[in-house]
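What follows is a set of notes on a single structure, which appears directly below.
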């Protein structure tokens, strides 16, 4: 049930006719309280959709009653009319719930540069309000899908409270603070400032380290809502760990459903001078098309790893670096080690271990291979 597993939440997913392919396309997640604390993080892309612009204002006071979401259109670069659709959506939901319009977040996902039909959105939100129930998390997770092949949900239990979440995303996965649309709920009693702290730390080491295709969306948003319905004020460290575990679970599901991918690649960088260096090095490999194409062809071309990391300003000696692929050290101190013929890349999971031999810091970046299917799917997305 994901977002409705935690007490105090209702959700719904309905069909409003926004998707040409049909299916559920409008979702609503409502916090019934008794508390309404919230935090959110947004794309760092300067090109931002109207729902992002709206929601960044709403979250300022840390109070949110509901989140209205739609697939079938990003409502980005749609001019004043597009912002009016976002505003009207929030007003309509607020009126339907007897809430303040300033406590309604709005999220959209889909094709950029196409107007969303306001009449369909509002009718869909009315239907979603009528369909709200404590088991509606499943339909909500289905309604936010675009090119996803399956919904992504996760749940974790703490000491007397629960954290649950849903996510969507299959393409444009190179987030900055978030990835596509994610909603996380908890029935713990946590102040908005503490939610913000836990969420930012969680996204920093999970969604921000997912770099499937190097393309950052205009609509990325991760929201954390707390109802306080359990009556439990959690230990801060335990709560932060649970939020991180849910984010990690969802991020890995997003990686596993990335558009056209045939390999899920985990790039683990160790021996870095600092964490930032480890992230930069891992991301340089994750965004290297030659490396990604090699993995697609089951080719353990470790030279492409070294060539990629050499473009960074991270502190290391290229002739001291070790590289292992799926447990086989193919490069030691910048020179050939075991035969690349020993590396088996036929399975979906790929682990690349890079030892910079400089310090003690480490980081892991998640990515995917570059496939014919990815190119095909994204060559005709708007047609």
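Just so you know, all these numbers are worked out from the coordinates, no wet-lab data involved. Please read all numbers here as calculations on a predicted model, not as lab measurements. Counting neighbours? That spans all protein chains shown, and the Cβs are built from the backbone with ideal geometry, glycine included.
Here are some notes:
- Across the stretch 2-256, counting alpha-carbon atoms alone, Rg and Dmax equal 16.1, 47 Å.
- Fraction of antiparallel bridges per DSSP, the stretch 264-379 only, in percent to nearest 5: 70
- Antiparallel DSSP beta bridges within the stretch 2-256, percent to nearest 5: 75
- Placing a pseudo-label 7 Å from each Cα along the Cα-to-Cβ vector at residue 95 and residue 233 gives an inter-label distance of 4.0 nm.
- Prolate/oblate/rounded call for the stretch 84-144, Cα gyration tensor, a/c under 1.5 rounded: oblate
- Convex hull volume per residue in cubic angstrom - Cα atoms of the stretch 1-42: 103
- Exposure proxy ranking, count of Cβ atoms within 10 Å, fewest first, for 217, 227: 227, 217
- Amide N proximity, the stretch 104-125 versus residue 63 label position 7 Å along Cα-to-Cβ, cut-off under 16 Å: 104-105
- Overall dimensions of the stretch 1-92 as given by Cα atoms, namely Rg and Dmax in Å: 14.2, 39
- Span from the the stretch 302-324 Cα centroid across to the the stretch 331-383 one, whole angstrom: 13
- Amide N of the stretch 208-251 lying under 14 Å from the label point, which is placed 7 angstrom from the Cα of residue 150 along Cα→Cβ: 250
- Shape analysis of the stretch 37-143 yields a ratio of the Cα radius of gyration to the Kirkwood radius, Rg/Rh, of 0.94.
- One Cα centroid belongs to the stretch 253-287, the other to the stretch 120-138; the line between them spans 37 Å.
- The stretch 264-379 - Rg (one decimal) and Dmax (whole number), Cα, Å: 13.5, 43
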